[in-house]
Amino acid sequence: MERPDGLPPQARLRRAADFAALRNAAGRMDTRYFLIRYREGNTAKGRLGLAISRRVSKSAVQRNRIKRVTRESFRRARKDIPPWDVLVIARTRAADIENTVLRVELDRIWLRLQSLKRERAPGTITD
């Protein structure tokens, strides 16, 4: 049984096609410890995908720590983020950084996502 305060399965990206679409998405943010890709999702709330490769750290303990911190941060901010699919790719520097620094960085990312427009303004040219 799932914890009531956990990140539900429908809030996670699971299909390879979703990850592939995000890798080529136009929405992109670069930060010191993460690369963020985002695009409009098909759901009412945002979904999170994580890509923390062995290049980040050979230690599974370190990679899983980054995943836990990221999921928890997303879970807390999810209600304020537009209904987008977000892919968080960890950079090599993230492995040796304390959890509090990673949380601050992630909180800044979620704030930047909140400030972006959810929809195009009427009358604008679309692709």
Notebook entry, point to check: If you check 96, 80, 30, which single one turns out to be closer than 18 Å to residue 110 by Cβ and out of contact with any Phe, Trp or Tyr (no Cβ under 8 Å at 6 or more places or on another chain)?
Noted result: 30
Note to self: Whether any residue in segment 23-34 is in contact (Cβ under 8 Å) with a residue 40 or more places away in the chain, among the aromatic types (Phe, Trp, Tyr) and farther than 19 Å from residue 81 by Cα is what I want to check.
What the structure shows: yes
Next item on the list: Exactly one condition in (1) at pLDDT 90 or above; (2) farther than 17 Å from residue 95 by Cα is not met by residue 53; state its number.
Entry: (2)
Margin query: Please count how many residues of segment 43-82 are within 18 Å of residue 19 (Cβ to Cβ) and in contact (Cβ under 8 Å) with a residue 12 or more places away in the chain.
Written below: 17
Next item on the list: Only residues that are exposed (fewer than 10 other Cβ atoms within 10 Å of the Cβ) and not aliphatic (A, V, I, L, M): list them for segment 1-25, please.
Entry: 2, 3, 4, 5, 9, 15, 24
Next item on the list: Quick one: which strands (runs of 3 or more DSSP E) lie wholly within segment 26-93 and hold at least 1 residues that are under 12 Å from the mean Cα position of the chain (by Cα) and surrounded by 17 or more Cβ atoms within 10 Å (Cβ to Cβ)?
Entry: 34-40, 47-51, 84-90
Next item on the list: Of the conditions (1) within 20 Å of residue 8 (Cα to Cα); (2) touching a Leu at 6+ places or on another chain (Cβ under 9 Å); (3) β-branched (Val, Ile, Thr), residue 43 clears all except one; give me its number.
Entry: (2)
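The values are calculated or read from the model by the stated rules, or taken from the named source; none is laboratory data. These numbers come from a predicted model, not from an experiment. Here the Cβ is made from the backbone with ideal geometry for all residues, glycine too, and neighbour counts use every protein chain on show.
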